[in-house]
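Engineer: First the structure, which I've put down as structure tokens, then a few questions once you've had a look.
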Amino acid sequence: MDLDQLAALRTPEGSAALAAATEVAGGDPLAAAAALRSAGVPAGLAAAALTQAELRRRAVAKFGPAAAGMFLTRAGLEQATRGVVAARRADRLRAAGVRTLADLGCGLGADALAAARAGIRVYGVEADPVTAAMAAANAEAAGLADVFTVECGDATAFDVSAVDAAFCDPARRRAGTGRRIFDPNAYSPPWDFVTALAERVPHTVVKVAPGLDHALIPPGAEAEWVSVGGDLVEAALWCGRLAEVPRRATVLKEGPPVNAFCIGRAPCNHPQPACHHQLTGSGTEEAAVGPVRRYVHDPDPAVVRAHLVAELAGELDATLADPTIAYLYADTPGATPFARCLEVTDVLPFSLKRLRALLRERRVGRVEILKRGSALEPERLRRDLRLAGPEAASLVLTRVAGAPTVLVCRPVTYPLDQEAAAG
Ligand SMILES: C[S@@+](CC[C@H](N)C(=O)[O-])C[C@H]1O[C@@H](n2cnc3c(N)ncnc32)[C@H](O)[C@@H]1O
């Protein structure tokens, strides 16, 4: 997509082509192109409209219904922050008193739009001309063009002296190839600019890869890991006055509360569409080690990456069975949004023969396989087990005090089991 194609898509003729492309997006691409051409849409416009409609279709997973009016590039969409994550960050900035924000490398504007919706005046800077033009178009489509403006330029030259806060989500993919960059020094804007930014602007947030090395967390910054629906999606460094705790794990659920915790225990009173739960701590505590107990808890990846397993163990009155493996064991099922809980029915030193015999005896034909600290390949194991039968089980492949072990488990169903445990 170039600037001329974007301009063409924003004319009345382009809007009509986009509307026609939206109707056929997701189907056979050749048939879709033929349908647009037979409707009299010129070939170039038809191709641009079909690409845009397809990107919008994919973008629904990130942005929900708002995707329908957005202009997108493939690279920009891949790098854009999910709507629920951006909205929560924007709410936190607003609650911290931020009223003006520089978004340094704003991409298509997912974060900037969320901040603008939260009532923050956003000045976006974007180096790529097409992406910058799309971000501006997205602001207009959202009715936010007066509170989110975009300039095409180098973010490192932007004067941040007049804003309350700075946000930077550096590009972590190589332009052209789209390949991931793992070395922060190769981010754009570069890591030294990003870390120095925190010294210049007292309220600074930096979005980083969830695999960030803890050694790179600037002293005094809060490092937050965020998961959505159990998938680890990003980390953020909250610097200067925005830092509240050393480490935070934020667990977001999209849509109405559906997990056992929300239904069975605490009413989830966070704003929809996402309810969120937060666990905080130092990130340096170590959980106690003990035997395998009746319930095993598999912590959310945000908790594990934030090094908050010990804090969760404290909440669940749980222990590890191996100091290096993040499964937590307790005598009662923990109703927590920070871990999935399973009831352990059997503990076996790992042996394919013994496991197969046990599962046959139980008439288990379907297994889900979880693993931490095991080199076994779940799919290979599933094949080797040659299961048959009407029952289901969960297998946890792990180590206990260093020894390869398999736990045979069943799900804990809330709220019935909880009531049983309480009564
Ligand atoms: C990860 S994306 C931002 C995504 C954005 N937060 C969103 O959610 O839509 C990073 C963007 O920074 C831009 N960029 C990289 N280096 C830049 C620089 N020095 N100045 C301005 N923009 C830059 C890239 O073109 C890219 O669009």
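The values are calculated or read from the model by the stated rules, or taken from the named source; none is laboratory data. The shown structure was predicted, so the numbers you read here are calculated from the model rather than taken from an experiment. As a convention, Cβ positions derive from the backbone with ideal geometry for all residues, glycine included, and neighbour counts pool all protein chains shown. Side chains included, ligands, DNA and RNA excluded: accessible areas come from the protein's heavy atoms. Shrake-Rupley method; radii C 1.70, N 1.55, O 1.52, S 1.80 Å.
Engineer: Taking the stated definitions as given, is Val194 open to solvent by less than 20 Å² (accessible area, probe 1.4 Å) and more than 13 Å from the ligand (Cβ to nearest atom)? Lay out the reasoning, then the answer.
Structural biologist: Values: open to solvent by less than 20 Å² (accessible area, probe 1.4 Å): yes; more than 13 Å from the ligand (Cβ to nearest atom): no.
It is false that Val194 is open to solvent by less than 20 Å² (accessible area, probe 1.4 Å) and more than 13 Å from the ligand (Cβ to nearest atom).
Condition check ((1) of a type outside the set (A, V, I, L, M, F, W, C); (2) over 30 Å from Gly283 (Cα atoms); (3) assigned to a helix (DSSP H, G or I)) across all residues:
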position	(1), (2), (3)
Val304	no, no, yes
His307	yes, no, no
Ile325	no, no, no
Pro333	yes, no, no
Arg354	yes, yes, yes
Arg360	yes, yes, yes
Leu376	no, no, no
Glu379	yes, yes, yes
Pro404	yes, no, no
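Engineer: Right, here's the next one. Taking region 193-245 on its own, how many of its residues are in contact with a Cys (Cβ under 6 Å, 6 or more places away or on another chain) and within 19 Å of Ala87 (Cβ to Cβ)?
Structural biologist: The number of residues fulfilling the criteria is 1.
Yes/no per residue for (1) without any contact (Cβ under 8 Å) to a residue 12 or more places away in the chain; (2) open to solvent by 30 Å² or more (accessible area, probe 1.4 Å); (3) within 13 Å of the ligand (Cβ to nearest atom):
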site	(1), (2), (3)
Val60	yes, yes, no
Gly64	no, no, no
Leu77	no, no, yes
Cys106	no, no, yes
Ile120	no, no, no
Ala135	no, no, yes
Val147	no, yes, no
Cys152	no, yes, yes
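Engineer: Further question: Restricting the first residue to region 314-330 and requiring it to be more than 17 Å from Pro404 (Cβ to Cβ) and open to solvent by 20 Å² or more (accessible area, probe 1.4 Å), which pairs with a second residue that is of a type in the set (Phe, Trp, Tyr) and at pLDDT 95 or above meet a Cβ separation below 6 Å and a spacing of at least six or different chains?
Structural biologist: Short answer, once both residue conditions are applied: Thr319/Tyr329.
Engineer: Next question, about the same structure. Can you name every residue in region 283-302 that is in a loop (DSSP other than H, G, I, E, B) and either open to solvent by 40 Å² or more (accessible area, probe 1.4 Å) or hydrophobic (A, V, I, L, M, F, W, C) (or both)?
Structural biologist: Listed by number, the residues that qualify are Thr284, Glu285, Glu286, Ala287, Ala288, Pro291, Val292, Arg293, Arg294.
Engineer: Next question. Condition (residue is in contact with a Leu (Cβ under 9 Å, 6 or more places away or on another chain) and modelled with pLDDT under 95) applied to region 131-142: is it met by at least one residue?
Structural biologist: The first filter runs over region 131-142 and keeps only residues in contact with a Leu (Cβ under 9 Å, 6 or more places away or on another chain), leaving 131, 133-135, 137-139, 142.
Those left that are additionally modelled with pLDDT under 95: 142.
Yes: one or more hits.
Engineer: Scan Ser351, Ser374 and give me the residue that is closer than 29 Å to His214 by Cβ and of a type in the set (S, T, N, Q). Before the answer, list the steps.
Structural biologist: On the way: Ser351 fails: closer than 29 Å to His214 by Cβ.
Exactly one residue qualifies, and that residue is Ser374.
Engineer: Here are Ala102, Ala86, Ala90: which of them is within 7 Å of the ligand (Cβ to nearest atom), open to solvent by less than 10 Å² (accessible area, probe 1.4 Å) and over 21 Å from Gly178 (Cβ atoms)?
Structural biologist: Numbers: Ala102 fails: within 7 Å of the ligand (Cβ to nearest atom); Ala90 fails: within 7 Å of the ligand (Cβ to nearest atom).
Just a single option satisfies the conditions, and that option is Ala86.
Engineer: With respect to the numbered conditions (1) of a type in the set (Val, Ile, Thr); (2) part of a helix (DSSP H, G or I); (3) touching a helix residue (DSSP H, G or I) at 6+ places or on another chain (Cβ under 8 Å), which one is the sole condition not fulfilled by Val150?
Structural biologist: Among (1) of a type in the set (Val, Ile, Thr); (2) part of a helix (DSSP H, G or I); (3) touching a helix residue (DSSP H, G or I) at 6+ places or on another chain (Cβ under 8 Å), the lone unmet condition for Val150 is (2).
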